[in-house]
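Let me begin by presenting the structure, written as structure tokens, before commenting on it.
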Ligand SMILES: NC(=O)c1ccc[n+]([C@@H]2O[C@H](COP(=O)([O-])OP(=O)(O)OC[C@H]3O[C@@H](n4cnc5c(N)ncnc54)[C@H](OP(=O)(O)O)[C@@H]3O)[C@@H](O)[C@H]2O)c1
């Protein structure tokens, strides 16, 4: 599929900080009209000033993925980056509370993304096509203890993205799934500790072992600006597959490459082809 629709406006969710902020700035630098959306537009003041000399424009709009009434996708948008996401303390499946932890994660990471996507599809279709980019996580590919809740929410997005790719191919809309590894942001910093799961005696030994391995990958942390460049590359790539999965850092890309040796991607592509992509 060609990337002919990738010159239009770009909407990024969760652009107040981290990967979302860097991605909005990167698109503005590349000349796109960029809509940096966030829960609190006051948090976008420094982003607006950083974007002043960019080749494109950048404006800040309020968008809370948990609040349907706040979600709107302008008629000129052709690329939507579903970046907004949350994490909780890393607990075992046994101890993660359904209301406090599981529902909190799924509300923003899954249902919030669905709300934005449902608003985006008619706009992209009216524009003759475009790109929906879902930021999931390379952690899906590694069954690491104490990340079950977060991984499950991201895996739900991965699964819905596959069906979505098959549904919207006919409208010229392609799906990009970016699976970040460790990117230097507030979210990564918040997890820079022994997992809270270890506060329960039964899981203390495993939490200690996890903390040791976690510290061994510190040299693979990637700046958000580098992640943003790779996200923008993936969204604007011409001749991209209908469902494109990439990392936005070397560690994640090597995990994605290894995982792609499995037949699952082939299965998705053959389903897309069976139902007739344009
Ligand atoms: N950093 C990593 O290592 C890493 C690895 C794998 C995947 N990811 C994924 O990458 C994405 C960005 O993560 P990050 O590291 O940049 O995280 P971050 O620094 O914690 O930033 C998260 C962003 O999401 C926003 N957000 C949270 N809830 C929202 C809501 N209900 N509506 C709108 N925006 C909301 C936050 O807004 P506020 O400022 O209002 O809180 C913030 O802008 C997430 O989907 C995350 O799961 C990150």
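The values are calculated or read from the model by the stated rules, or taken from the named source; none is laboratory data. Everything numeric here is computed off the predicted structure, so don't read it as measured data. Every residue, glycine as well, gets a Cβ built from its backbone with ideal geometry; the counts of neighbours run over all protein chains shown.
Tabulated results
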item	result
Residue list for segment 114-141, filter: within 17 Å of the chain's Cα centre (by Cα) and in contact (Cβ under 8 Å) with a residue 60 or more places away in the chain	116, 120, 130, 131, 133, 135, 138, 141
Those residues of segment 66-120 which are more than 18 Å from residue 137 (Cβ to Cβ) and assigned to a strand (DSSP E or B), in sequence order	77, 78, 79, 80
Selected residue (only one of 229, 205, 214 is closer than 21 Å to residue 7 by Cα, outside any strand (DSSP E or B) and out of contact with any strand residue (DSSP E or B) (no Cβ under 9 Å at 6 or more places or on another chain))	229
Any hit, segment 17-30, residues being touching a residue at least 24 places away in the same chain (Cβ under 8 Å), touching a strand residue (DSSP E or B) at 6+ places or on another chain (Cβ under 9 Å), surrounded by 24 or more Cβ atoms within 10 Å (Cβ to Cβ) and assigned to a strand (DSSP E or B)	no
Some residue of segment 65-81 being touching a residue at least 40 places away in the same chain (Cβ under 8 Å), near the ligand (Cβ under 9 Å from one of its atoms) and within 14 Å of the chain's Cα centre (by Cα)	yes
Segment 241-262, subset within 16 Å of the chain's Cα centre (by Cα) and not in a helix (DSSP H, G or I), residue nearest to residue 221 (Cα to Cα)	249
Residue match in segment 186-194 (condition: modelled with pLDDT of 95 or more, more than 18 Å from residue 231 (Cβ to Cβ), in a helix (DSSP H, G or I) and within 16 Å of the ligand (Cβ to nearest atom))	yes
Residue identified as in a helix (DSSP H, G or I) and within 15 Å of the ligand (Cβ to nearest atom) among 36, 43	43
Selected residue (criterion: farthest from residue 229 (Cα to Cα)) from residues of segment 130-157 that are in contact with a strand residue (DSSP E or B) (Cβ under 9 Å, 6 or more places away or on another chain) and away from the ligand (no atom under 13 Å from the Cβ)	130
Boolean, residue 108 is out of contact with any helix residue (DSSP H, G or I) (no Cβ under 8 Å at 6 or more places or on another chain), within 11 Å of the ligand (Cβ to nearest atom) and under 27 Å from residue 226 (Cα atoms)	yes
